[in-house]
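**Student:** Next up is a structure, given as structure tokens.
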Amino acid sequence: MLGQGSFGKVLKAEAIHEGNIVAVKVMDKTRIDATEFEQIMVEVDILRAIYSPYVVKYLDFFESHRQIYIVQEYLNGTNMVQYLREGAKPEPEGRKMFKQLAVGL
């Protein structure tokens, strides 16, 4: 397991046809109300529309009668929260990171 959030967990998996490693967000429908389901669908729509070298790539979405799956590229390393918790960064590194964040948004 790569992580856990309010709607479910994120697992590391292998895409069978492509053979590459992916991250799969798995959410249990029985624990999600109608409003939360709509929020998830908005997230999927946004992910489908975004293409940026600074944003994790959306790959697929599917659902079963009990679960929702969002498949994204797997990035090995730390996430932004972990990176920032490591402490203050030198100014040039901070500028570079801020630029990448701005371009990603």
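The values are calculated or read from the model by the stated rules, or taken from the named source; none is laboratory data. These numbers were taken from a predicted model, which means no experiment stands behind them. We place every Cβ from the backbone using ideal geometry, glycine too, and count neighbours over all the protein chains shown.
**Student:** Would you mind finding the one in 9, 25 that is more than 24 Å from residue 97 (Cβ to Cβ), without any contact (Cβ under 8 Å) to a residue 40 or more places away in the chain and outside the structural domain of residue 104 (by TED's automatic domain parsing)?
**Tutor:** On the way: 25 fails: without any contact (Cβ under 8 Å) to a residue 40 or more places away in the chain.
Step by step, each of 9, 25 is checked, and only 9 is more than 24 Å from residue 97 (Cβ to Cβ), without any contact (Cβ under 8 Å) to a residue 40 or more places away in the chain and outside the structural domain of residue 104 (by TED's automatic domain parsing).
**Student:** I'd like to check something: does the range 33-43 contain any residue that is outside any strand (DSSP E or B) and either within 17 Å of residue 104 (Cα to Cα) or in contact (Cβ under 8 Å) with a residue 40 or more places away in the chain (or both)? First the steps, then the outcome.
**Tutor:** Within the range 33-43, the subset outside any strand (DSSP E or B) is 33-43.
Pick out the ones that are also either within 17 Å of residue 104 (Cα to Cα) or in contact (Cβ under 8 Å) with a residue 40 or more places away in the chain (or both) and you get 43.
So far as the range 33-43 goes, yes, one or more of its residues are outside any strand (DSSP E or B) and either within 17 Å of residue 104 (Cα to Cα) or in contact (Cβ under 8 Å) with a residue 40 or more places away in the chain (or both).
**Student:** Could you check, for the range 42-50, whether at least one of its residues is over 27 Å from residue 19 (Cα atoms), exposed (fewer than 14 other Cβ atoms within 10 Å of the Cβ) and at pLDDT 90 or above? Show your work before the answer.
**Tutor:** Start the filter on the range 42-50 by keeping residues that are over 27 Å from residue 19 (Cα atoms), which leaves 42.
This time we only want the ones that are exposed (fewer than 14 other Cβ atoms within 10 Å of the Cβ), so: 42.
Now restrict to residues that are at pLDDT 90 or above: 42.
Yes.
**Student:** Mind listing whichever residues of the range 69-93 are modelled with pLDDT under 85, surrounded by 10 or more Cβ atoms within 10 Å (Cβ to Cβ) and not aliphatic (A, V, I, L, M)?
**Tutor:** The answer is 78, 79, 83.
**Student:** Considering each of 59, 47 in turn, give the residue that is within 25 Å of residue 14 (Cα to Cα), in a helix (DSSP H, G or I) and assigned by TED's automatic domain parsing to the domain that holds residue 7.
**Tutor:** Working: 59 fails: in a helix (DSSP H, G or I).
Going through 59, 47 in turn, just one is within 25 Å of residue 14 (Cα to Cα), in a helix (DSSP H, G or I) and assigned by TED's automatic domain parsing to the domain that holds residue 7: 47.
**Student:** Looking at (1) charged (D, E, K, R); (2) surrounded by fewer than 13 Cβ atoms within 10 Å (Cβ to Cβ); (3) under 12 Å from the mean Cα position of the chain (by Cα), can you tell me which one residue 66 breaks?
**Tutor:** (3)
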